[in-house]
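Single-structure report; data block below.
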Amino acid sequence: MQRYFVEQTARSGERFTLQKDDAHHMKNVMRMDVGDEILVLDGTGLFRCALEELDKQQAIARIVESLPIDTELPIRVTLAYALPKGDKIELVAQKATELGMNQLLVFESARSVSKWDAKKVPKKIERLEKIIKEAAEQSYRAHLPQVDYVTYDEVLQEAPQYTACLVAYEESAKEGEATAFASTLTRLQAGDSLLVVIGPEGGLTETEVTRLTDAGFLPASLGRRILRTETAPLYVLSAVSYHFELKG
């Protein structure tokens, strides 16, 4: 059954109003009609709904029943991701959503080659939000990850809001450190939160890492191999999923 994310304001009583893009998808892509059923998520729950109206501009869906939610990671994982080259950010947004990411914080680090013009940031965020929404619907997510463009200082200020904070640091891998990430996951429990900082292609500078550790972030290796910037966040989320959902 097709899933659609909506704002909480889209609900009025026992009905949801879905806007033009979703109505177009239902009518022209999925070939749905009045009477067909869809799943709607509004941030408060998952609902099986029947279409009562469907045209080019909107769709009206009536709630049939509320369903349990069991597709989210037991802990909330936020990725603070240094802006990479080209369209790698879009790949990471899509795949990290599939793997259970709760939030994506995009920031420019000292070694970020790409720079976003301030005037273009809203459009770029809008593009990422669309990618995330489509990925969340495809992967049966119950939560729609949020994406924000922040400064490096704002990443540091986020630390107190999380149960644990890590920075993926390739020097830790070179030094043979292999316990920080695993031991952090062992300490975390369902309902806790984890913030992970990942650098760009050239990695984070020593100064950036020092400021992070001073703010409470723990340097962590992601295995013995040095990962590409677009691989590291997917490794993190896959490890979290294995530890909390599949292990034992």
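Do we find a residue being within 30 Å of Glu37 (Cβ to Cβ) and either touching a residue at least 40 places away in the same chain (Cβ under 8 Å) or open to solvent by less than 60 Å² (accessible area, probe 1.4 Å) (or both) anywhere in the stretch 156-174?
There is no residue in the stretch 156-174 that is within 30 Å of Glu37 (Cβ to Cβ) and either touching a residue at least 40 places away in the same chain (Cβ under 8 Å) or open to solvent by less than 60 Å² (accessible area, probe 1.4 Å) (or both).
Suppose we filter the stretch 208-248 for residues that are assigned to a helix (DSSP H, G or I), among the polar types (S, T, N, Q) and without any contact (Cβ under 8 Å) to a residue 60 or more places away in the chain; how many remain?
Count: 2.
Counting only residues that are over 25 Å from the mean Cα position of the chain (by Cα), surrounded by 14 or more Cβ atoms within 10 Å (Cβ to Cβ) and not aliphatic (A, V, I, L, M), give me the strands (runs of 3 or more DSSP E) lying completely in the stretch 20-97 with at least 3 of them.
Counting at least 3 such residues, we get no strands (runs of 3 or more DSSP E) at all.
Would a scan of the stretch 31-53 turn up a residue that is among the basic types (Lys, Arg), on the phi > 0 side of the Ramachandran plot and without any contact (Cβ under 8 Å) to a residue 40 or more places away in the chain?
The answer is yes, given that some residue of the stretch 31-53 is among the basic types (Lys, Arg), on the phi > 0 side of the Ramachandran plot and without any contact (Cβ under 8 Å) to a residue 40 or more places away in the chain.
The values are calculated or read from the model by the stated rules, or taken from the named source; none is laboratory data. Bear in mind that the values here come from a model prediction, so they are computed numbers and not experimental data. Positions of Cβ are generated from backbone atoms using ideal geometry, with glycine treated the same way; all protein chains shown enter the neighbour counts. Accessible surface areas use protein heavy atoms only, side chains included; no ligands, DNA or RNA. Shrake-Rupley method; radii C 1.70, N 1.55, O 1.52, S 1.80 Å.
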